[in-house]
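**Student:** The structure under discussion is supplied below as structure tokens; questions concerning it will follow.
Where a number appears in this text, it was derived from the coordinates with a stated rule and is not lab data. Computed from a predicted model, the values in this text were never measured in an experiment. Cβ sites come from the backbone with ideal geometry, for glycine too, and all protein chains shown count toward neighbours.
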Amino acid sequence: MKNIYFDHAATTPVDPLVLEAILPYFKDNYGNASSIHKFGQKAQQGVLEARDMVANFLGCDSTEVIFTSGATESDNIALSGVMSYYLESSKQEDKKYNHLITTAFEHPAILETAQVLEMKGVEVSYLMPDKNGLMQVSEIEKAIKPETILISVMYVNNEVGTIQPIAEIGKLVNKINQQRVKDGQRKIIFHTDAVQAVNYCDCNVKKLGVDLLSLSGHKIYGPKGIGALYVKKGATLKRISQGGHQEYGLRAGTLNTPGIVGLGKAISLVKSAETQKSIENIKKLRDKLAKEIPAQIDKTEINGDLVKRVPANINFRFKNVEGESILLMLDLEGFSVSTGSACASGSLKPSHVLLAMGIPQEDAHGSLRITLGKGNTEEEIDKFIQVLPPIIKKLRQMSPLK
């Protein structure tokens, strides 16, 4: 039985071209990129080229790209780095900037970091999305106050795939910052976790108006264990790890040269004609699921806005059934799907994303996330549509919730 993979938001397979680019840095060019001998210089050249590729994609200077171990570390550096700068400042006037604005349906890398910062004296506002999984710019504007120094809003929600109005928020922040400069106040710093956006959305940092942006290699057909953080020149950020002066002094540790080369290659392929063609196919397959599943299974809802949404994501909610049970039965049939974020797998709690959207707890338990990739086919979708309805019927017959 062929296993069918529908969990690309959790991770993607490494593209063959990316693997081809990486291999020499395991076999031949294995030097430390910080060493000055020839082995080190070859490794450093690979890092420089990859940095340029990431910078070209983001529309920024290569010196504004910081390589990390992944988006979780990037998010930690962004939030902790900014807030620590002000909390630990020797200037009394800087200490008043202790307010962070984020949303209640961020990835745990943001939420858990914010919770740790709260224990250090940071005031955090967790804003609620609307019922369609979208943030309203007006809600962010209302939450801003004189003490606000950092706003962090994810570009695309990792569970329901909704696209947030990052460029509009960027314009709002820019408008407020213009007045702050006139008043001699510190500028608000704007961060976005763009992990799920890179494959599908415009990530030009100037168009978005962001100061910090996190991304990850393994979500874009690159390797695991590598990510990047865009840091706009002049952004006030304190290093949060010690032990070396790599990455312009912001991130200590030996550079993961193979991973960096892989990230560079992967991000260079995002805008290729082949990738764009695959996105059209992905959307076609996603739309077929969105039409056929609710038509064949009663008491089924789609979580999140269907228009302001990346083409690879569809998130269903089935009444009177448990999402984990659906996942396990689909796995037995050869389908790999998810009930939400891979980082929350194993938790029996309902999705915090769906709860933030106002979905009742008993209904949130019945969610199923399907995220497609460039290797999926219509034949696989047809088989899934055939397999899922009997599973839901069987689980509902067994359910004490019916």
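**Student:** Filter 233/277; 38/265; 96/238; 206/271 down to the pairs with a C-alpha to C-alpha distance above 26 Å, please.
**Tutor:** Violating the 26 Å Cα-Cα cut-off are 233/277.
**Student:** How much length is gained on full extension from residue 131 to residue 20, taking 0.36 nm per residue of separation minus their Cα-Cα distance?
**Tutor:** Here the segment from residue 131 to residue 20 would lengthen by 35.6 nm.
**Student:** Enter the Cα centre distance for the pair the range 105-135 and the range 286-325, rounded to the nearest angstrom.
**Tutor:** Their Cα centres are 26 Å away from one another.
**Student:** Something else about it: For the range 283-298, just list the computed ³J(HN,Hα) in residue order, Karplus coefficients 6.51, -1.76 and 1.60, θ = phi - 60°, integers in Hz, with x standing in for Gly and Pro.
**Tutor:** Once θ is set to phi - 60°, the couplings for the range 283-298 become 5, 4, 5, 4, 5, 5, 5, 5, 8, 7, 5, x, 6, 9, 10, 6 Hz.
**Student:** Please report 270, 261 as a ranked list, fewest other C-beta atoms within 10 angstrom at the top and most at the bottom.
**Tutor:** Least to most surrounded, the residues fall as 270, 261.
**Student:** Given the options 43, 71, 295, which has the most mean-square fluctuation in a GNM of the chain, springs set between C-alpha atoms less than 10 angstrom apart?
**Tutor:** Of the options given, 295 has the highest mean-square fluctuation.
**Student:** Something else now. In terms of Cα to Cα distance under 20 Å, which lysines are near enough to residue 319, apart from those fewer than 8 places away along the same chain?
**Tutor:** 131, 291, 299, 349, 393, 394, 402
**Student:** To continue, here is another question. In nanometres, what is the gap between the two model label sites at residue 56 and residue 290, each 7 Å from Cα along Cα-to-Cβ?
**Tutor:** With each label placed 7 Å out from Cα toward Cβ, I get 3.3 nm.
**Student:** Once phi is turned into θ = phi - 60°, what whole-Hz ³J(HN,Hα) does the Karplus curve with 6.51, -1.76 and 1.60 give for every residue of the range 137-150, x standing for Gly and Pro?
**Tutor:** So the J values, rounded to whole Hz, are 4, 4, 5, 5, 4, 5, 7, 6, 9, x, 7, 5, 10, 9.
**Student:** Quick one: 278, 336, fewest Cβ neighbours within 10 Å first, how do they rank?
**Tutor:** Going from least to most buried by this count: 336, 278.
**Student:** With +1 on each Lys and Arg Cβ and -1 on each Asp and Glu Cβ, how big is the dipole of the range 16-269 about its Cα centre, in debye rounded to the nearest 20?
**Tutor:** Roughly 560 debye, rounded to the nearest 20.
**Student:** Going through the cross-link list 232/283; 95/219; 91/182, which pairs have a Cα-Cα distance over 25 Å in this structure?
**Tutor:** Beyond 25 Å: 232/283; 95/219.
**Student:** Could you work out the mean projected area of the convex hull around the alpha carbons of the range 16-269, in square nanometres to one decimal?
**Tutor:** Its Cα hull, projected and averaged over all orientations, spans 13.5 nm².
**Student:** How high is the relative contact order of the chain, in percent, counting Cα pairs under 8 Å that sit 6 or more residues apart?
**Tutor:** Taking the mean separation of contacting Cα pairs over the length of the chain, I get 23 percent.
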